[in-house]
1. Compute the distance in nm between two label points, each set 7 Å from the Cα along the Cα-to-Cβ direction, one at Glu45 and one at Lys640.
2. Whenever you get a sec, line up Met174, Met1 from highest to lowest accessible area (probe 1.4 Å, protein heavy atoms).
3. Rounded, prolate or oblate for region 711-819? Axes are the square roots of the Cα gyration tensor eigenvalues, ordered a ≥ b ≥ c, and the cut-off for rounded is a/c under 1.5.
4. Measuring from centroid to centroid over Cα atoms, what is the spacing of region 340-356 and region 604-630 in Å?
5. Could you order Ser796, Ser718 so the one with the most accessible surface comes first? Probe is 1.4 Å.
6. Compute the label zone of Ser481 within region 349-389: residues whose backbone N is under 16 Å from the point 7 Å along Cα-to-Cβ.
7. Roll a 1.4 Å probe over the protein heavy atoms and report the accessible area of Val811 in Å², nearest 10.
8. Ser503 versus Lys24, label points 7 Å from Cα toward the beta carbon: distance in nm?
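The values are calculated or read from the model by the stated rules, or taken from the named source; none is laboratory data. This structure is a prediction, so every number in the text was calculated from the model and none was measured. Cβ placement follows ideal geometry from the backbone for every residue including glycine, while neighbour counts extend to all protein chains displayed. We work out accessible area using only protein heavy atoms, side chains counted, and drop any ligands, DNA or RNA first. Shrake-Rupley method; radii C 1.70, N 1.55, O 1.52, S 1.80 Å.
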Amino acid sequence: MENFKGQPRLPKFAVPKRYDLQLKPDLSACKFAGSVSIDVDIVAETRFIVLNAAELSINPGSVSFSPRNSSKVFDPKKVELVEEDEILVLDFAEALPLGLGVLAIGFEGILNDRMKGFYRSTYEHNGEKKNMAVTQFEPADARRSFPCWDEPSFKAKFKITLDVPSELVALSNMPVIEEKVNGPLKTVSYQESPIMSTYLVAYVVGLFDYVEDHTSDGIKVRVYCQVGKANQGEFALKVAVRTLELYKDYFAVPYPLPKLDMIAIPDFAAGAMENYGLVTYRETALLYDEQHSAAANKQRVATVVAHELAHQWFGNLVTMEWWTHLWLNEGFATWVSYLATDSIFPEWRIWTQFLDELTDGLRLDGLAESHPIEVEINHAAEIDEIFDAISYRKGASVIRMLQSYLGAECFQRSLASYIKKHAYSNAKTEDLWAALEEGSGEPVTKLMNTWTKQKGYPVVSVKFKDQKLEFEQSQFFSSGSLGDGQWIVPITFCCGSYDKKKSFLLQTKSENYDVKEFASDSNKSAWIKLNVDQTGFYRVKYDEELAARLRYAIENKYLTPTDRFGILDDSFALCMARQLPLTSLLTLMGAYREELDYTVLSNLISITYKVGRIAADARPELMDNINQFFINIFQYSAEKLGWDATQGESHLDSMLRGEILTALAMLGHKETLSEASRRFDAFLKDRNTPLLPPDTRKAAYVAVMQTVTSSNRAGFDSLLKVYRETDLSQEKIRILGSLPSCPDQGIISEVLKFSLSPEVRSQDAMYALAVSKEGREVAWTWFKENWDLILKTYGSGFLITRFVSAVVSPVCASLCATS
């Protein structure tokens with residue numbers, strides 16, 4: 001028995017084929033009872049069966065193994081639940097016969113409040129607080145609901161039955177085939193599922209409304225939500241129907257199940273979860289209120305729905321073999337969600353906004369402490385650590401880079417081949433490369449191994465000399481340190497025009513490229529832009545002459561928004577890594593005074609905040625001048641957009657208005673603060689006033705908090721009142737994200753205390769942690785004093801990681817700026 005402890009994977013001498021699972025949740029007592037009969041194939045001689053279980057009470061007398069071709073029943077002589085390894089070891093007195101048999105286990109468990117496993121979420125119905133029962137099994141928490149082989153490679157069929165209060169809705173992965181009412185309880189039986197991994201099993205029990213539609217080939221699609229909010233599911237429903245049809249064509253494989261349910265859960269740790277046929281979401285990622293949701297909320301719903309539905313093929317139908325290949329699931333779903341959103345909403349120019357994903361990946365991967373896309377996972381406890389910007393955003397970015405290199409048609413054709421080949425089974429990264437290599441004839445494995453098996457990425461330095469471009473790659477570290485990584489880099493560049501695009505693979509540390517055709521006397525001042533449209537996952541450092549030409553091109557609007565974004569983002573990163581002086585960055589920022597593109601300006605605002613924080617710590621006496629410099633940059637776009645939407649304006653202008661006005665409020669722009677106050681007062685009198693629509697509310701809320709003090713707290717109290725009166729999660733988060741911008745330390749203390757109160761759902765508390773520079777020390781002290789409570793609330797997992805990062809990162813940045 002000792003041989004099974006401390007192992008990264010379960011032994012493979014027994015393989016599950018089918019689960020017959022029966023559960024009876026008690027929503028009042030917050031517990032559940034269950035039984036499972038598992039068809040198991042004994043494939044090697046053993047007297048043990050080892051599977052996963054955690055936080056369950058196993059009834060030893062209920063455990064038995066019955067071989068299919070024998071009347072003999074094997075009862076284990078010992079049943080041991082090893083909590084530290086989350087395994088259940090069944091020790092039988094004699095070797096089990098090879099072949100199929102049925103393993104029966106009875107168990108009980110707790111409906112926990114930690115948003116993982118089989119847990120409870122709270123909601124209000126007719127003024128009464130109620131519980132619903134919800135599952136969240138990814139990555140390794142199905143074992144908290146029933147004993148199982150809780151690894152993605154152990155795919156099996158599932159036949160699920162739930163005993164629930166008769167007035168409640170009970171959902172699972174598959175359609176209901178029978179409901180039997182017996183007084184206050186009913187037994188709900190579901191159709192047997194196709195084979196799938198345990199982390200995709202799902203069931204939800206509670207009171208819900210729904211809206212319904214069908215795809216052209218008859219797939220029933222529903223959006224479930226709290227009673228009274230059904231209309232808020234209409235937008236997600238339309239997106240889901242169109243996305244399913246789009247993916248059916250793109251992957252050349254129909255959606256594999258007879259129905260798709262999507263459900264909004266009030267307490268939910270992640271943004272959403274792609275359970276096969278029953279996708280669970282935070283309310284903010286699924287519901288859209290025409291009157292009170294902002295354009296940014298609408299876009300988030302669309303991209304999250306597209307991401308989760310991509311998983312129905314890429315993840316659910318074809319599943320990673322082990323968590324080392326998580327990036328295959330998440331990187332691909334992130335990338336293809338933009339493909340789908342762009343197809344449905346081309347006016348959103350979503351591929352330009354994809355650069356935010358790229359930047360997040362570059363930012364984390366520039367740290368010495370980063371990790372490769374493919375990470376060896378040696379214990380289930382390690383899995384949560386890789387649900388990060390490397391798996392999602394770097395993963396998506398290198399897929400985009402590869403698609404750009406191979407061409408869209410070849411890439412799609414090869415993907416369809418990969419999905420057909422591995423449907424209803426498991427795959428590794430190498431399987432995807434093999435399919436793409438076969439379809440393209442390109443050395444995909446050799447190219448991509450340099451991007452997935454080592455951490456980091458290059459900065460490509462380029463100089464123009466003697467009618468040649470000199471390229472040199474070196475590993476980029478945000479600390480400015482030197483690294484020794486080397487990549488096969490798909491280089492693209494344009495000289496003076498997008499009609500003159502060149503590309504090649506940089507396979508060595510340095511290489512020269514002859515550009516005589518661009519270097520004529522009439523073309524000496526022509527701009528040269530590398531990494532065209534930012535499709536490559538690398539940064540570019542230009543020599544002074546080339547950088548000056550690019551500034552001129554930006555000022556004269558010769559470059560696309562994606563390239564304007566890339567030049568700015570690379571320059572900021574190089575400046576932070578001390579490879580460019582701050583004056584060079586500020587000069588470049590000045591070239592964006594007439595910028596109107598949403599994504600470019602959004603990044604410019606983000607950079608402004610970061611530079612401002614550093615300057616405030618290093619040279620506080622210069623802050624008035626620096627803030628005025630930034631205000632001047634944003635003045636043009638702010639005046640163009642104003643506070644009020646115009647008839648028929650674009651989705652992107654709606655999003656940009658709020659961001660620009662918020663930035664001006666944060667910078668202390670007096671006119672913005674004054675106008676925000678006027679509109680906020682009107683909003684307090686009439687929550688439906690046209691003076692403060694959802695797109696500009698956050699700007700007004702932030703502006704109000706800039707003038708709040710412990711002795712003048714009316715604005716703060718008013719915002720808390722709005723928070724308490726709304727039942728829209730998006731509005732609550734808008735307010736939570738605005739409160740900590742206050743410069744008053746006493747108010748910050750109150751905000752932080754409020755974030756851990758019962759009034760704030762635990763997954764939302766981190767929105768209240770983005771404190772002003774004046775509040776950093778207060779936040780750090782509060783964090784240390786409340787650590788035990790924070791640890792108890794969030795336990796292990798990515799939420800506590802975000803919590804720690806939100807508080808600690810600004811403090812560390814402050815120390816770096818002053819050291």
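1. According to this spin-label approximation, the distance is 7.8 nm.
2. Values: Met174 10, Met1 45 Å².
Order by accessible area, largest first: Met1, Met174.
3. Verdict is oblate for region 711-819.
4. Going from one Cα centre to the other spans 31 Å.
5. Values: Ser796 85, Ser718 30 Å².
In descending accessible area the options line up as Ser796, Ser718.
6. Answer for this model: 364-372.
7. Surface open to solvent at Val811 totals about 20 Å².
8. Going by the 7 Å Cα→Cβ label model, 6.2 nm.
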